[in-house]
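The values are calculated or read from the model by the stated rules, or taken from the named source; none is laboratory data. These figures come from a predicted structure and were not determined experimentally. Cβ sites come from the backbone with ideal geometry, for glycine too, and all protein chains shown count toward neighbours.
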Amino acid sequence: MSLTDLTLTEAQTLLQKGQISSRELTQAHLERIAALDGALHSFLHVDAEGALAQADGADERRRTNDEGRMSLLGIPLAVKDVLVVDGMPCTCGSKILEGYRPPFTATAVQKLQAAGMVILGKTNTDEFAMGSSTENSAYGVTHNPWDLKRVPGGSSGGSAAAVAARLAPLALGSDTGGSVRQPASFCGVTGLKPTYGRVSRYGLVAYGSSLDSVGAFGRSAQDVAAVFSAMSGRDELDATSQDVPVPQVDLRLNGERPLRGVRIGVPQEYFIEGIQAEVESAVREAIRQLEGLGAEIIPVSLPHTQYALPVYYLIAPAEASANLARFDGIRYGPRVTGNSMWDIFTKTRGEKFGDEATRRIMLGTYALSAGYYDAFYGQAQKVRTLIRRDFEQVFTQVDAVSCPVAPTTAFKIGAHGDDPLAMYLEDVFSLPANLAGVPGLAFPVGFDADGLPVGMQLMGPHFGEAGLLRTAHAYQQATDWHLRKADIR
């Protein structure tokens with residue numbers, strides 16, 4: 001077996017027994033990146049020299065002290081290029097940050113470095129995480145490992161594709177409206193969006209500040225659980241991070257019906273006209289399998305779901321218009337010369353922001369403008385409260401909600417290029433979790449007739465990640481969808 005095919009648990013065991021070294025494991029992934037990423041374009045920056053130096057440091061720690069027993073010590077990690085890492089480029093997929101190298105590291109990344117993980121490099125993203133396909137990157141499209149003519153999802157498509165293609169065992173992403181879960185579904189991997197405030201956002205370049213979460217990709221719920229526990233926790237540098245205990249997720253299962261006592265809700269609003277038949281069929285079959293593992297399946301309703309899409313596309317662009325105002329050619333990235341300060345601002349932003357970022361900045365600025373604030377942004381916030389209350393009410397009845405991640409499997413590159421609304425509709429099932437601030441987990445449950453992965457989503461109550469991971473782990477112990485490998489050479 002190739003070192004890049006090892007699961008996290010298998011790699012941990014071999015490292016701790018001294019049967020492989022972190023340098024060997026890291027080198028194997030770097031060689032696979034060099035061989036395959038020309039076709040995938042999942043990475044924007046690979047730090048081969050730095051990664052090998054980190055791997056050597058991990059091997060030394062394992063030889064010389066008790067820290068060698070750390071579970072993530074020496075494990076390679078890819079990082080979405082919206083999370084800053086000291087000394088590495090951070091472009092956010094935009095020309096307006098081309099050449100920028102931040103002088104500090106995001107808290108989530110810092111915690112994983114402290115746990116001994118090896119940073120391979122930075123992965124491709126839709127510009128400022130604005131997109132559902134990774135086609136909006138100023139540095140080129142990322143391709144889906146299952147079909148190079150199709151998108152990997154977005155905006156964390158680079159991270160999802162890297163894990164699916166075995167270029168990295170684990171990766172970080174960000175999720176503002178589904179940007180971890182949707183690419184996890186399209187690429188056939190497992191992706192977690194934690195509760196808002198569970199993981200520090202310090203060092204995550206902001207898109208929608210009340211919606212953004214740092215999430216993780218792995219090949220299984222077990223892999224993701226290890227990263228989730230290591231990067232979670234209160235951070236004084238992020239006022240929105242919550243002071244709640246960090247769970248050490250217990251994935252031990254008992255008996256043939258390990259989900260006995262778990263109540264899973266199936267919301268009628270998530271099985272709608274227009275959903276791809278194979279997606280609905282695979283998800284409903286997965287729900288039946290969860291029932292076979294002991295879970296109680298309960299029909300539920302989230303009645304304000306129908307308003308989630310318009311609410312999101314008022315709130316997120318409004319917050320983006322404020323957050324992206326700082327990128328003006330003065331403090332970060334390249335500058336287009338002009339005759340005055342305002343001329344520099346206008347020319348730099350006009351030339352360096354891409355079409356989708358410009359579209360969302362304009363939408364958000366309009367929604368916040370005098371005379372429209374109450375009618376648009378203010379009203380959207382009121383409806384957001386209703387959406388959040390729907391989830392709070394449902395979680396008095398059930399422990400998790402199960403539904404599709406996206407209405408379709410991965411679509412072809414360019415399919416929605418002239419239709420922004422069609423692109424926005426790809427997030428219709430994922431963005432309610434961000435509006436409500438609840439955790440969501442995506443994992444593979446089958447394939448369509450074209451051999452493309454189908455993902456299912458579990459959403460849980462605030463800080464209920466452990467329950468979602470345990471439920472998905474029980475499913476993955478009984479099935480093998482998560483073990484399937486894209487045939488990319």
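Remarks
- Of note, residue 319 does not satisfy the criterion of being over 27 Å from residue 436 (Cβ atoms), in a helix (DSSP H, G or I) and not aromatic (Phe, Trp, Tyr).
- Single match in 83, 97, 52 (criterion: surrounded by fewer than 21 Cβ atoms within 10 Å (Cβ to Cβ) and in contact (Cβ under 8 Å) with a residue 24 or more places away in the chain): 52
- In the condition set (1) under 17 Å from residue 78 (Cβ atoms); (2) in contact with a Leu (Cβ under 8 Å, 6 or more places away or on another chain); (3) crowded, with 24+ Cβ neighbours inside 10 Å, residue 179 is compliant with all but (2).
- Restricting the range 124-162 to residues that are touching a helix residue (DSSP H, G or I) at 6+ places or on another chain (Cβ under 7 Å) and among the β-branched types (Val, Ile, Thr), the residue that is farthest from residue 206 (Cα to Cα) is 151.
- Scanning the range 68-81 for residues that are at pLDDT below 95 and either on the phi > 0 side of the Ramachandran plot or in contact with a Gly (Cβ under 7 Å, 6 or more places away or on another chain) (or both) yields one hit, 70.
- Flag for residue 284 being of a type in the set (D, E, K, R) and either over 25 Å from the mean Cα position of the chain (by Cα) or farther than 26 Å from residue 431 by Cβ (or both): no
- All conditions but one from (1) part of a loop (DSSP other than H, G, I, E, B); (2) closer than 26 Å to residue 104 by Cβ apply to residue 253; the one that does not is (2).
- Residue within the range 112-129 that is out of contact with any Cys (no Cβ under 7 Å at 6 or more places or on another chain), surrounded by fewer than 24 Cβ atoms within 10 Å (Cβ to Cβ) and polar (S, T, N, Q) present: yes
- Test: residue in the range 262-271 that is in a helix (DSSP H, G or I), within 26 Å of the chain's Cα centre (by Cα), under 19 Å from residue 456 (Cβ atoms) and hydrophobic (A, V, I, L, M, F, W, C): no
- Of the residues screened, residue 384 is one that is crowded, with 18+ Cβ neighbours inside 10 Å, under 21 Å from residue 459 (Cβ atoms) and among the basic types (Lys, Arg).
- Against the criterion of being over 30 Å from residue 421 (Cα atoms) and surrounded by fewer than 17 Cβ atoms within 10 Å (Cβ to Cβ), residue 264 does not qualify.
- Number of residues in the range 98-109 that are in a loop (DSSP other than H, G, I, E, B) and over 17 Å from residue 207 (Cβ atoms): the value is 6.
- The set of residues in the range 278-316 that are in a helix (DSSP H, G or I) and farther than 21 Å from residue 178 by Cβ comprises 281, 285, 288, 289, 290, 291, 292.
- Qualifying position, being at pLDDT 95 or above, polar (S, T, N, Q), surrounded by fewer than 21 Cβ atoms within 10 Å (Cβ to Cβ) and at negative phi, among 213, 281: 281
- Only residues that are over 20 Å from residue 217 (Cβ atoms) and among the basic types (Lys, Arg) were counted across the range 96-132, and they come to 1.
- Candidates are the residues of the range 224-244 that are touching a Ser or Thr at 6+ places or on another chain (Cβ under 7 Å) and over 19 Å from residue 464 (Cβ atoms); the one that is surrounded by the most Cβ atoms within 10 Å (Cβ to Cβ) is 235.
- Among all positions in the range 159-182, there is at least one residue which is among the charged types (D, E, K, R) and within 10 Å of the chain's Cα centre (by Cα).
- Restricting the range 311-339 to residues that are exposed (fewer than 14 other Cβ atoms within 10 Å of the Cβ) and charged (D, E, K, R), the residue that is nearest to the chain's Cα centre (by Cα) is 326.
- Looking across the range 455-489, the residues that are of a type in the set (S, T, N, Q) and in contact with a strand residue (DSSP E or B) (Cβ under 9 Å, 6 or more places away or on another chain) come down to 457, 471, 476, 479.
- Residue, surrounded by the fewest Cβ atoms within 10 Å (Cβ to Cβ), within the range 415-448, restricted to residues that are modelled with pLDDT under 95, in a helix (DSSP H, G or I) and of a type in the set (A, V, I, L, M): 421
- Long-range neighbours under 9 Å by Cβ, at least six apart or interchain, first residue surrounded by fewer than 18 Cβ atoms within 10 Å (Cβ to Cβ) and at pLDDT 95 or above within the range 35-48, second part of a helix (DSSP H, G or I) and among the polar types (S, T, N, Q): 48/26; 48/27
- Flag if residue 223 is within 20 Å of the chain's Cα centre (by Cα), outside any loop (DSSP other than H, G, I, E, B) and either at pLDDT below 95 or acidic (Asp, Glu) (or both): yes
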